[in-house]
Amino acid sequence: MCFFLIFLILPSVSARDPALHSQYSTQVSILSAMELIWNLCEILFVEAAAAGPLLLRLLDWVRLHVCDVDNMVREVLSSENPSKHELFWNVVDVFVLQGRMDEARHLLAKEASANPTSVNMYKTLDDLMKKMPVPSLGNTQTLTEMELKWQHWHEECQRYLQDGTFASNSHMESICKILLGDEDAILEKKELLATWYQFLVTRLLYSHPTVKPMELRFYAQSSMDLFLGGESSPEPLDTILMAAFEFEMHQVIKECSIALSNWWFVAHLTDLLDHCKLLQSHNLYFGSNMREFLLLEYASGLFSHHSLWQLGVDYFDHCPEYGRVYLELHIERIPLNTEQKALKVLRICEQRQMHEQVRSICKIMAMKALRNNRLGSALSWSIRAKDAAFATLISDRFLKDYCERGCFSDLDLIDNLGPSMLLSDRLTFLGKYREFHRLYGEKRFSEAAKLLLMLMTAHIAPCSFWMTLLTDALPLLEQKEVIFSAEQTYELMRCLEDLTAGKSDKQKFQDDDVETMKVEMLRLALARNLARVIVKEGTLEGS
Amino acid sequence: WNLQFKGCFGVILQTHSGSVWRVTWAHPEFGQVLASCSFDRTAAVWEEIVGESNDKLRGQSHWVKRTTLVDSRTSVTDVKFAPKHMGLMLATCSADGVVRIYEAPDVMNLSQWSLQHEISCKLSCSCISWNPSSSRAHSPMIAVGSDDNSPNILAKVQIYEYNENTRKYAKAEALMTVTDPVHDIAFAPNLGRSFHILAVATKDVRIFTLKPLRKELTTSGGLTKFEIHIVAQFDNHNSQVWRVSWNITGTVLASSGDDGCVRLWKANYMDNWKCTGILKGNGSPVNGSSQQGIFNASLGSANTSLQNSLNGSSASRYFFPPLDSPRAGSRWSSHAQLLPPPPLIEHSCDADTASLQYPHPRRRCVSRPLNLLPENEGV
């Protein structure tokens with residue numbers, strides 16, 4: 001987990017906007033706390049560091065996270081004459097407290113060279129620090145060996161202290177006391193320790209370097225008590241860390257949930273612990289349920305964000321029991337402000353075979369488009385939804401538009417319907433009708449004529465549209481060249497008669513002049529065509 | 001009297017001639033459709049129309065009343081659309097105890113609604129709720145609540161179920177333990193559970209589970225019998241609870257009461273229900289509010305600003321003291337602090353006092369006030 005980005009942003013922002021700066025600082029603090037907890041959990045739970053390496057890990061942990069002394073260190077080291085700096089001994093103390101022996105010795109060497117009279121004293125201290133046994137990471141020594149060595153070393157330090165070797169220099173004497181693990185001496189440096197957990201680690205380093213994991217809790221509790229000294233009560237962060245030192249995983253998660261304002265941290269921590277199979281081994285039989293519960297909570301929260309919802313999808317995918325149904329419920333509620341967003345959501349649903357959601361979303365988009373009179377968009381959405389009824393409705397609208405305006409809108413869409421044309425009869429008719437117009441425009445008259453006739457005889461066209469189709473046939477009938485064959489002409493006549501016969505007398509009475517005239521014109525045109533075609537077909541070729 | 005819509009523009013619809021009790025949205029699959037019900041004994045259905053593209057109303061939308069349902073002889077107290085898988089259907093309930101279910105057979109024609117069912121509940125009805133479950137294992141179901149004040153102890157919540165054989169709604173269950181007037185009732189979204197969850201707003205907040213038992217094969221048409229349990233009862237409002245509303249996933253319940261507060265209830269993974277938040281109507285902070293982490297799913301027809309504050313996504317909720325300006329690369333862990341989240345409502349006066357509460361960061365040893373709240377328990 002790296003928060004470096006925030007550290008980079010922070011300085012540049014701070015100059016410009018104090019409110020923003022304070023907001024970022026706040027977030028940095030919280031993130032730092034989370035990182036602190038997370039790393040400790042890694043050491044104690046995931047890695048389950050054993051006695052020996054445990055101390056080394058804890059030292060690393062503290063060095064990584066307690067760095068307000070870094071500024072001071074830098075200041076002293078970069079000064080011209082470090083050993084004369086007023087904070088010199090503070091820095092040496094810091095190094096010793098954090099077990100950074102080499103750095104401490106390096107600084108002391110500078111001081112030694114500046115004070116040749118006390119060279120022996122420095123040499124002794126340097127020697128002690130060099131010889132200090134530390135647990136090794138590899139298997140080069142067993143714990144018992146190490147403990148033995150350490151005991152000897154400890155006694156040696158004790159002798160030098162009692163001999164008064166460092167009596168003339170209070171700083172060095174206190175360092176020696178720290179090396180001996182003298183609690184009071186260490187506590188004197190409270191300011192440099194800054195936190196009780198730093199104090200704990202220092203204590204362990206100099207009095208119980210081979211501490212076992214299960215012993216941590218006692219040292220932790222006493223360290224906190226000693227450090228806070230009854231002046232202040234533990235803060236939430238302290239409680240969480242203490243729970244970790246006590247290996248109470250459940251408590252850690254619970255305290256984090258209370259202290260933090262969203263589920264991000266606990267969800268991921270629990271997930272990690274669950275994957276390491278730690279929740280079960282700690283007798284939390286509801287372990288995996290809790291993991292899923294937290295992940296569901298976190299992911300649900302993501303869904304209220306305008307773009308982070310996409311992350312939420314992945315989280316739900318990893319919740320075996322309720323993930324899918326949560327996703328189904330949430331994904332339908334995402335505001336579909338733009339087509340791109342709708343398509344994105346649809347892709348996600350289609351990938352997971354959420355057919356009902358796909359249908360629903362397409363329907364919603366189709367309705368929206370229809371309300372805004374964007375017929376082409378509505379049609380393509382209803383095709384995607386495989387909603388035949390809606391497609392029929394929209395096709396009807398298209399046809400109505402055509403009748404009123406004499407032209408089609410959204411030609412591209414209708415021309416390229418392809419097999420989706422078959423979704424509904426009306427849609428098929430719309431597609432074919434447009435094809436007829438195209439053929440006519442390309443002057444492929446006989447094909448157009450065949451299509452037109454087929455539309456009526458195969459009953460693809462709704463009866464209400466037949467009049468329009470027949471009227472469309474007029475220009476074909478009036479062409480110089482004969483287009484319709486005799487048989488076709490007979491068919492057309494039959495259609496016309498079917499149409500007029502179908503009307504009751506009342507309807508005929510209501511028909512206005514235009515209607516009657518149209519019918520008459522059609523009859524005339526058909527008759528004339530028939531005449532011509534009979535002649536044409538009767539004529540022998542070439543004669 | 002008037003319906004007011006808060007959106008990017010406000011629209012006032014002169015509609016009913018009496019107080020409008022409730023307003024509800026239909027599923028967006030049917031377009032932008034609203035229903036309202038009123039003291040004037042009618043319920044109305046509205047649709048939003050966008051202006052034609054060639055007149056000067058182009059792109060502007062306005063609301064048109066599509067139909068008025070006038071069958072009721074008394075005040076219509078609630079109107080709710082049925083779950084979308086049932087088509088375009090709605091139910092109304094009236095003060096004279098009749099629940100009516102209407103259907104629009106043609107979803108594109110909202111002016112044609114036919115009365116499909118009339119259910120006589122024998123008690124004055126105040127609220128209804130459809131069971132949103134679309135599972136085929138569950139028949140359509142309506143819960144009806146009554147605010148009848150008469151002293152007889154008839155159960156104030158009844159459950160009606162649709163019977164496939166008789167093609168009618170019949171009473172399946174009555175919650176005998178609810179004897180106080182009921183103001184609101186709400187089924188939770190189903191989540192694939194085999195049982196139903198019902199929230200009731202009465203003199204307190206109650207949550208029931210209804211487990212369907214094997215359908216009785218002897219009774220005509222097989223009405224489901226239910227095993228009813230009360231899983232939560234909260235009187236924190238200390239007054240009449242008026243409304244209850246579920247979030248999308250049915251995991252958070254919001255209740256509002258005469259104490260002027262909205263309370264949020266949530267179950268942890270052990271199925272124990274607890275209060276996870278209190279919102280006070282006038283914005284002032286609430287003392288003793290109990291909060292455990294966050295409940296971040298939206299509440300019914302969500303108010304997004306409410307949602308964001310519930311998310312806690314803004315870390316400014318933590319009132320940290322001003323820190324020294326950072327040097328690049330330095331880490332802040334020593335200042336790592338996890339102060340408990342303040343109560344839900346951030347009021348400007350809170351921010352001022354908070355900065356006084358917390359001392360300079362370097363002196364970590366100094367005592368700090370703890371806001372940890374008494375009711376906090378397991379996640």
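Could you say whether any residue in segment A:162-170 is closer than 20 Å to residue A:233 by Cα, out of contact with any helix residue (DSSP H, G or I) (no Cβ under 7 Å at 6 or more places or on another chain) and not polar (S, T, N, Q)?
Among the residues of segment A:162-170, not one is closer than 20 Å to residue A:233 by Cα, out of contact with any helix residue (DSSP H, G or I) (no Cβ under 7 Å at 6 or more places or on another chain) and not polar (S, T, N, Q), which makes the answer no.
Enumerate the helices (runs of 4 or more DSSP H) found wholly within segment A:304-384, keeping only those where 1 or more residues are more than 12 Å from chain B (Cβ to nearest Cβ).
Counting at least 1 such residues, we get A:309-317, A:339-351, A:355-371, A:375-384.
Which one is nearest to residue B:162 (Cα to Cα), of the residues in segment B:97-132 that are in a loop (DSSP other than H, G, I, E, B) and in contact with a Cys (Cβ under 8 Å, 6 or more places away or on another chain)?
Across segment B:97-132, the extreme among qualifying residues is B:121.
With (1) within 20 Å of the chain's Cα centre (by Cα); (2) more than 19 Å from residue A:38 (Cβ to Cβ); (3) surrounded by fewer than 23 Cβ atoms within 10 Å (Cβ to Cβ); (4) within 13 Å of chain B (Cβ to nearest Cβ) as the list, and residue A:289 as the residue in question, which single condition is left unmet?
Only one criterion in (1) within 20 Å of the chain's Cα centre (by Cα); (2) more than 19 Å from residue A:38 (Cβ to Cβ); (3) surrounded by fewer than 23 Cβ atoms within 10 Å (Cβ to Cβ); (4) within 13 Å of chain B (Cβ to nearest Cβ) is unmet by residue A:289, namely (1).
Just name the residue that is surrounded by the fewest Cβ atoms within 10 Å (Cβ to Cβ) out of those in segment A:183-207 that are of a type outside the set (A, V, I, L, M, F, W, C) and free of Cβ contacts under 8 Å to residues at least 24 places away in the same chain.
A:184
Starting from residues that are of a type in the set (A, V, I, L, M, F, W, C) and within 10 Å of chain B (Cβ to nearest Cβ), keep the ones in segment A:35-60 and report whichever is surrounded by the most Cβ atoms within 10 Å (Cβ to Cβ).
Looking at residues that are of a type in the set (A, V, I, L, M, F, W, C) and within 10 Å of chain B (Cβ to nearest Cβ), I get A:36.
Could you tell me which of the residues A:415, A:425 is of a type in the set (Asp, Glu), in contact with a Ser or Thr (Cβ under 8 Å, 6 or more places away or on another chain) and in contact (Cβ under 8 Å) with a residue 12 or more places away in the chain?
None of the others qualify; the one that does is A:425.
Quick check on segment A:458-466. Is at least one of its residues within 23 Å of residue A:447 (Cβ to Cβ), in a helix (DSSP H, G or I) and modelled with pLDDT under 85?
Yes, because at least one residue in segment A:458-466 is within 23 Å of residue A:447 (Cβ to Cβ), in a helix (DSSP H, G or I) and modelled with pLDDT under 85.
Looking at segment A:128-147, which of its residues are touching a helix residue (DSSP H, G or I) at 6+ places or on another chain (Cβ under 9 Å) and of a type outside the set (Lys, Arg)?
A:128, A:129, A:132, A:133, A:134, A:135, A:136, A:137, A:141
Looking only at residues in segment B:254-271 that are under 24 Å from residue A:291 (Cβ atoms) and either of a type in the set (D, E, K, R) or crowded, with 21+ Cβ neighbours inside 10 Å (or both), which one is farthest from the other protein chains (Cβ to nearest Cβ)?
Among them, the one singled out is B:265.
The values are calculated or read from the model by the stated rules, or taken from the named source; none is laboratory data. What you see is a predicted model; the values in this text were computed from it and never measured. When we count neighbours, we look across all protein chains shown, and the Cβ atoms used for this are built from the backbone with ideal geometry, even at glycine.
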